[in-house]
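Asks: This is the structure, below, for whatever I ask next.
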Ligand SMILES: C[S@@+](CC[C@H](N)C(=O)[O-])C[C@H]1O[C@@H](n2cnc3c(N)ncnc32)[C@H](O)[C@@H]1O
């Protein structure tokens, strides 16, 4: 697969966090069943009106695709080409395996690259029918300016009538005391706990604590990365400033915000 990160381009601390700790456990963290994850994402995107007819030849880009819940859903919804971009080689390899299993490998094009600045390289202006950045990927960007630039790039790459969809957590509110310890998932051999450390109005430091069972004892591995605290109003304003019209802005499953903006 094409790789730019390996050539030493900007690798941020979120990318390192996935490499050091999370990538290997990511699908387990989400429940472990890729089929139900794909079905849920297909239902969400279909509900937002993103289904296309197979003879449309519609193309899509999935920014921060991970193991592919949205890429595989987009292929299922009729997109003939889905460019799936991620900084984690482990997760892209997993996506490729799932795409083969789902018989959509010819539609999904994995790109190992930073999502910042990637769109001009993988989508002609006014070419993409859909660009998605879902599952809380936007807050992984190091700076608000990166979010603004990414949205501006989306507005350029979308064809008229095309859709930009982001799902993300609104971290602007602050949990206090022990409420900042969040049990993410536990099973017989693994426990993932998250601790939120509010640094300032812009940033929360996310500490992941992963316990894995070894014989009759537990190993603990920790890693941290910063997340942006993006306010829904601010994000919707960035879409409007880029020339996109906000079609839906609300709360979805598991408290995740859903933003759907379209190119007029
Ligand atoms: C929370 S996961 C979301 C994955 C998938 N979209 C989902 O809903 O399960 C965030 C993904 O974005 C990737 N990522 C974060 N920052 C990135 C960056 N700057 N460039 C490329 N990938 C990035 C991570 O490797 C990870 O796969």
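The values are calculated or read from the model by the stated rules, or taken from the named source; none is laboratory data. Computed from a prediction, not measured in an experiment: that's the story for all the values here. As a convention, Cβ positions derive from the backbone with ideal geometry for all residues, glycine included, and neighbour counts pool all protein chains shown.
Asks: Within the stretch 39-46, is there a residue that is in the same structural domain as residue 125 (by TED's automatic domain parsing) and near the ligand (Cβ under 9 Å from one of its atoms)?
Replies: Within the stretch 39-46, one or more residues are in the same structural domain as residue 125 (by TED's automatic domain parsing) and near the ligand (Cβ under 9 Å from one of its atoms).
Asks: Scan the stretch 208-220 and give yes if some residue there is surrounded by 12 or more Cβ atoms within 10 Å (Cβ to Cβ), under 19 Å from the mean Cα position of the chain (by Cα) and modelled with pLDDT of 95 or more, otherwise no.
Replies: Yes, the stretch 208-220 has at least one match.
Asks: Specify which of the listed residues (52, 132, 82) is at pLDDT 95 or above, over 12 Å from the mean Cα position of the chain (by Cα) and either in the same structural domain as residue 202 (by TED's automatic domain parsing) or within 13 Å of the ligand (Cβ to nearest atom) (or both).
Replies: 82
Asks: Another question about this same structure. Could you say which residue among 156, 178, 172, 167 is away from the ligand (no atom under 16 Å from the Cβ) and either at pLDDT below 95 or within 16 Å of residue 234 (Cα to Cα) (or both)?
Replies: One residue alone meets the criteria, 172.
Asks: Related question: Among what's in the stretch 85-113 and is buried (at least 19 other Cβ atoms within 10 Å of the Cβ), in contact (Cβ under 8 Å) with a residue 60 or more places away in the chain and outside any helix (DSSP H, G or I), pick the residue that is farthest from the ligand (Cβ to nearest atom).
Replies: 110
Asks: Being outside any loop (DSSP other than H, G, I, E, B) and touching a helix residue (DSSP H, G or I) at 6+ places or on another chain (Cβ under 8 Å) is the filter here, so list the residues in the stretch 127-143 that pass it.
Replies: 128, 129, 130, 131, 132, 133, 138, 140
Asks: What are the residues in the stretch 114-126 that are outside any helix (DSSP H, G or I) and either within 16 Å of the ligand (Cβ to nearest atom) or more than 18 Å from residue 157 (Cβ to Cβ) (or both), if any?
Replies: If the condition is that a residue be outside any helix (DSSP H, G or I) and either within 16 Å of the ligand (Cβ to nearest atom) or more than 18 Å from residue 157 (Cβ to Cβ) (or both), then 114, 115, 116, 117, 118, 123 are the ones that fit.
So that you can scan it fast, the table gives a plain yes or no per residue for (1) in contact with a helix residue (DSSP H, G or I) (Cβ under 8 Å, 6 or more places away or on another chain); (2) in contact (Cβ under 8 Å) with a residue 24 or more places away in the chain; (3) outside any strand (DSSP E or B); (4) over 29 Å from residue 32 (Cβ atoms):
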| site | (1), (2), (3), (4) |
| --- | --- |
| 165 | yes, yes, no, no |
| 171 | yes, yes, yes, no |
| 179 | no, no, yes, no |
| 192 | yes, yes, no, no |
| 220 | no, no, no, no |
| 230 | yes, yes, yes, no |
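Asks: Starting from residues that are within 11 Å of the ligand (Cβ to nearest atom) and in a helix (DSSP H, G or I), keep the ones in the stretch 55-73 and report whichever is nearest to residue 101 (Cα to Cα).
Replies: Applying the filter and picking the extreme gives 72.
Asks: Out of (1) surrounded by fewer than 14 Cβ atoms within 10 Å (Cβ to Cβ); (2) part of a strand (DSSP E or B); (3) in the same structural domain as residue 42 (by TED's automatic domain parsing); (4) on the phi < 0 side of the Ramachandran plot, what's the single condition that is false for residue 161?
Replies: Failed condition: (4).
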